[in-house]
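Participant: I'd like to ask some things about the structure below.
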Amino acid sequence: MASETDQQFMQLAIEQAEEGKTPFGCVIIAEGTIIAQAYNTVSASHDVSAHGEINAIRAASLLLQNHLLESTTLYTTGEPCPMCMAAIIYAKIPRVVYGASITTISQFMSQISISSQEVVNNSGREVELVGPFMEAECINLLKRFG
């Protein structure tokens, strides 16, 4: 279930997306503190894996000196793609709050139509997925930068 705190951190993910002029921004928090913020840099870095979630997981892992992010929540403006959801699972992030769904994102750009829930269901791990959340604001990012 989403909360006022979720709204605050999703707004920061939206601001990350706007900063990068991309539809995809991400924030990772631990105990109410931001430990990483990032946005999609696929074009800028010429790295197809440089999605906002991957960039944020890398930054959080470096900061914590640990690739396991077990006490965190990840906020992202778009439902994680299968690659990002797998990274979230491997990092042991227990909670994800996302904006626009994969189905909605697919209306703006090519996507692999596998939901985050489907990836979780096939992982043997539990991840709480909250979304679509603040979807209108995240759709606006897709309209502006998609």
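Participant: Do you know which residues across region 121-140 are of a type in the set (A, V, I, L, M, F, W, C), over 14 Å from the mean Cα position of the chain (by Cα) and either surrounded by 13 or more Cβ atoms within 10 Å (Cβ to Cβ) or under 19 Å from Ala87 (Cβ atoms) (or both)?
Facilitator: The one that is of a type in the set (A, V, I, L, M, F, W, C), over 14 Å from the mean Cα position of the chain (by Cα) and either surrounded by 13 or more Cβ atoms within 10 Å (Cβ to Cβ) or under 19 Å from Ala87 (Cβ atoms) (or both): Ile139.
Participant: (1) in a helix (DSSP H, G or I); (2) open to solvent by less than 50 Å² (accessible area, probe 1.4 Å): which one isn't true of Glu118, the others all being true?
Facilitator: (2)
Participant: In region 1-60, how many residues are at positive phi and among the acidic types (Asp, Glu)?
Facilitator: 1
Participant: Quick check on this structure: which one of Ser106, Ser110 is surrounded by 13 or more Cβ atoms within 10 Å (Cβ to Cβ) and out of contact with any strand residue (DSSP E or B) (no Cβ under 8 Å at 6 or more places or on another chain)?
Facilitator: Ser106
Participant: Condition first: in contact with a strand residue (DSSP E or B) (Cβ under 8 Å, 6 or more places away or on another chain), farther than 21 Å from Leu141 by Cβ and among the β-branched types (Val, Ile, Thr). Now tell me which residues in region 67-103 satisfy that.
Facilitator: If the condition is that a residue be in contact with a strand residue (DSSP E or B) (Cβ under 8 Å, 6 or more places away or on another chain), farther than 21 Å from Leu141 by Cβ and among the β-branched types (Val, Ile, Thr), then Thr72, Ile93 are the ones that fit.
Participant: Of the numbered conditions (1) free of Cβ contacts under 8 Å to residues at least 24 places away in the same chain; (2) not in a loop (DSSP other than H, G, I, E, B), Ser110 fails exactly one; give the number of that condition.
Facilitator: Evaluating Ser110 over (1) free of Cβ contacts under 8 Å to residues at least 24 places away in the same chain; (2) not in a loop (DSSP other than H, G, I, E, B) leaves (2) as the failure.
Participant: Regarding region 39-56, can at least one residue be identified that is more than 21 Å from Met134 (Cβ to Cβ) and under 10 Å from the mean Cα position of the chain (by Cα)?
Facilitator: Among the residues of region 39-56, at least one is more than 21 Å from Met134 (Cβ to Cβ) and under 10 Å from the mean Cα position of the chain (by Cα), which makes the answer yes.
The values are calculated or read from the model by the stated rules, or taken from the named source; none is laboratory data. Treat the numbers as computed from the prediction; the structure is a model and nothing was measured. All Cβ positions, glycine included, derive from the backbone under ideal geometry; neighbour counts span all protein chains shown. These area figures cover heavy atoms from the full protein model, side chains too; ligands, DNA and RNA do not enter into them. Shrake-Rupley method; radii C 1.70, N 1.55, O 1.52, S 1.80 Å.
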